[in-house]
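Okay, so here's the structure we're looking at.
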Amino acid sequence: MKKRAMDSASCEEFLQMSPPVGRFTTVDHGGAPYTVPVHYVYLDGTIYIHGSTCGKKGQNVLANPKACFEIDEMEGLASFRGGRRLHGKHNLPQCHCLRRGPASLTTGRKNGKALDAIVAKLTPVYKGTALPDKKVETTGVIALRADEISGKQFPNAT
């Protein structure tokens, strides 16, 4: 394992801490990557993303399930001027995690647990409130299970 590489348990822990936004990448009909920022939840080893069933990310998943998800967290930025680092810091504390695997898009009541977790995370004021049937039936949920998970951590500023 590389010196700064995170093991899968550390990546799982980082996903549980859940930075609020991640980046989800799919492959479009022409074979080009398509990356968008998304709100998500991590539940039972799966990343869940909600959205429209007719949007581009959902349509890409239906056509090609290959997908990738990335989250990161960084404490500040290093400052450079004229090619020289200011303030003497070489590595600022940061962490990122990458998951690759097949994604699927579903709708309906089978998404209840994922939608409840999304609501609890993103709009906690509605936590525990029953979602209207029409909303549940028309909201798509993308599920991403990982074939591969990796991450790096730079814990100390030096």
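Taken over segment 9-29, the residue count meeting the criterion of being at pLDDT 85 or above and open to solvent by less than 20 Å² (accessible area, probe 1.4 Å) is 3. What are the residues in segment 1-29 that are in contact with a strand residue (DSSP E or B) (Cβ under 6 Å, 6 or more places away or on another chain), under 19 Å from residue 105 (Cβ atoms) and not in a strand (DSSP E or B), if any? 28 - this is the single residue of segment 1-29 that is in contact with a strand residue (DSSP E or B) (Cβ under 6 Å, 6 or more places away or on another chain), under 19 Å from residue 105 (Cβ atoms) and not in a strand (DSSP E or B).
Here are 118, 149: which of them is more than 14 Å from residue 49 (Cα to Cα) and of a type in the set (A, V, I, L, M, F, W, C)?
Of the residues listed, the single one that is more than 14 Å from residue 49 (Cα to Cα) and of a type in the set (A, V, I, L, M, F, W, C) is 149.
Restricting segment 107-154 to residues that are without any contact (Cβ under 8 Å) to a residue 40 or more places away in the chain and assigned to a loop (DSSP other than H, G, I, E, B), the residue that is least open to solvent (accessible area, probe 1.4 Å) is 108. Residues in segment 30-51 include at least one that is small (Gly, Ala, Ser), touching a residue at least 12 places away in the same chain (Cβ under 8 Å), outside any helix (DSSP H, G or I) and surrounded by fewer than 20 Cβ atoms within 10 Å (Cβ to Cβ).
So, in segment 102-130, how many residues would count as being in contact with a helix residue (DSSP H, G or I) (Cβ under 6 Å, 6 or more places away or on another chain) and either closer than 30 Å to residue 5 by Cβ or aliphatic (A, V, I, L, M) (or both)? Adding up the residues that qualify gives 3.
The values are calculated or read from the model by the stated rules, or taken from the named source; none is laboratory data. Owing to the predicted nature of the structure, the values given are computational and were not obtained by experimental measurement. Heads up, the Cβs are rebuilt from the backbone with ideal geometry, glycines too, and the neighbour counts pull from every protein chain shown. Note: accessible area is taken over every heavy atom of the protein model, side chains too, but ligands, DNA and RNA are not part of it. Shrake-Rupley method; radii C 1.70, N 1.55, O 1.52, S 1.80 Å.
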